[in-house]
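Here is the structure we will look at, set down as C-alpha cells.
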Amino acid sequence: MVAFKEEFPYLKAETGQLFEFDRSWLREAITRAANDAGYPSWWLTDHVTESIAFYLRLRNDENFVAFNQLSQTVRYVLKVIGYKEIIPHFSPAPPPVTISLFEIAYTASAGYELAFFDMLSRRLDLLLQTHVTSVLLIALNPCVKHLRGTRVWSRSCDVLRAEIVSFVREKLSVAKDLPELNCSLR
C-alpha cells in the first residue's frame, strides 16, 4: 500500500507524469477562472476547493486520478452550483513539480559535487522532456551544506550555492521548444 500525502491520490497528466495534489494550486486555478469570468474575489472559491479536496480524499483507494478527470469534476461542480460561465475560463496548468536538491545531494553523497551536478542535469532533462510549466527546487541550503560536509555555513558554501543557481539557470535557458516555464529555487 502506498501512503499518500494528506491521503490524496496523485494526479496523472497525459504525459504520464504524476503530481501531488495541492489545495493552493487548485484554489489559484479556480480564482483565476472566476476573475476571468468577471467574479473578482469570488466567495465560493474556498468552498469549491474544499469540495474537490474532499472528493479526492474519498478516492484514496486509487493510486492516481487523471488530471483531465479532475478538471472535468471541477467543471461539473461549477455547473451544478450555477456558475457555468466560469467553466470556459477553467483551464489549469499541471501543479508545480517539486524537486528536493538535498535528496539529490544525499544520493550523490557528501563531497561528490560532480555526481550531484550530473544527477541534477539528468533530472532537469527529464522534466524538460515532459513539458512542465512550473518547477520548484527546494532545500538548496541543506543541499549545499551536505555537499560541503559542514554544519556551519561558510564562504565556500556561498560559492557552491551560486554555482548551483547558475547551473540551473543555464540548463533551463538553453532548453528549446519550451512553453513559459516558471522555476523557483528555495
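Of note:
- Relative contact order (percent, whole number), region 5-89, Cα cutoff 8 Å, 6+ residue spacing: 38
- Charge tally for Tyr112 (other residues, Cβ to Cβ under 13 Å; Lys, Arg +1; Asp, Glu -1): -1.
- Value of D in µm² per second that Stokes-Einstein yields for the chain, Kirkwood Rh from Cα pairs, at 10 °C (1.306 mPa s): 86
- Cα-based Lys pair tally, the chain, threshold under 29 Å, eight or more apart or on separate chains: 6
- Per-residue [θ]222 nm for the chain (sum of -39500 (n - 2.57) over DSSP H runs n ≥ 4, rounded to 500): -16500 deg cm²/dmol
- Bins of 5 Å from zero: percent of alpha-carbon pairs in region 56-159: 2, 10, 14, 14, 12, 11, 9, 8, 8, 6, 4, 1
- The angle between the Cα long axis of helix 23-36 and the main principal axis of the chain comes to about 50°, on a 0 to 90 degree scale.
- Looking at region 28-135, the chymotrypsin sites (Phe, Trp or Tyr not before Pro) that sit in a DSSP loop and have at most 10 other Cβ atoms within 10 Å of their own Cβ are Trp43.
Computed from the coordinates by the stated procedures, all read-outs in this text should not be read as laboratory data. Please read these numbers as outputs of a predicted model, since none were measured by experiment. Note that each Cβ is placed from the backbone with ideal geometry, even for glycine, and that neighbours are counted across all protein chains shown.
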